[in-house]
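Enquirer: Following this message is one structure expressed as structure tokens.
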Amino acid sequence: MEVSITKISENGQIVIPSEIRKDAGIKPSTKFIVFNEGGNIMLKQIKKEALKEDMMLIEKIKKSEEQIKEGKFVKADASMSDEKIDDLLMA
């Protein structure tokens, strides 16, 4: 994983350092989804084939966070398949 420091311009623009762009395969005109989670800004590249899956994952995460706040949780075992864990979370 590459790590670098950058800063925001007066126009609100952020430069993604070249070594990060190269490592991530980011080219000009690449589109991103921008998330603000408690002041932590996250970028995720938009890839057509993964967009629907990404949006479903975001909804699952939101639902899980709500359930945790309500004191609801389930135990998952690392040996479980992804599908089994999803079934537990969506129950």
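Coordinate-derived values only; no laboratory data. Just so we're clear, the structure is a prediction, and the values are computed from it rather than from any experiment. Cβ sites come from the backbone with ideal geometry, for glycine too, and all protein chains shown count toward neighbours.
Enquirer: Output the number of the condition that Ile46 fails; it satisfies all remaining conditions of (1) surrounded by 10 or more Cβ atoms within 10 Å (Cβ to Cβ); (2) closer than 27 Å to Leu88 by Cβ; (3) within 18 Å of the chain's Cα centre (by Cα).
Expert: Against the list (1) surrounded by 10 or more Cβ atoms within 10 Å (Cβ to Cβ); (2) closer than 27 Å to Leu88 by Cβ; (3) within 18 Å of the chain's Cα centre (by Cα), Ile46 comes up short only on (2).
Enquirer: Basic (Lys, Arg) and in contact with a helix residue (DSSP H, G or I) (Cβ under 9 Å, 6 or more places away or on another chain): which single residue out of Lys27, Lys31 fits that description?
Expert: Lys27
Enquirer: Which condition number in (1) under 19 Å from the mean Cα position of the chain (by Cα); (2) not in a helix (DSSP H, G or I) is the one that Thr6 fails?
Expert: (1)
Enquirer: Sticking with this structure for a sec: Quick check on the range 1-31: of everything there that is surrounded by 10 or more Cβ atoms within 10 Å (Cβ to Cβ) and small (Gly, Ala, Ser), which residue is nearest to Ile46 (Cα to Cα)?
Expert: The residue in question is Ala24.
Enquirer: Among the residues of the range 60-72, count how many are surrounded by 11 or more Cβ atoms within 10 Å (Cβ to Cβ) and among the charged types (D, E, K, R).
Expert: 3
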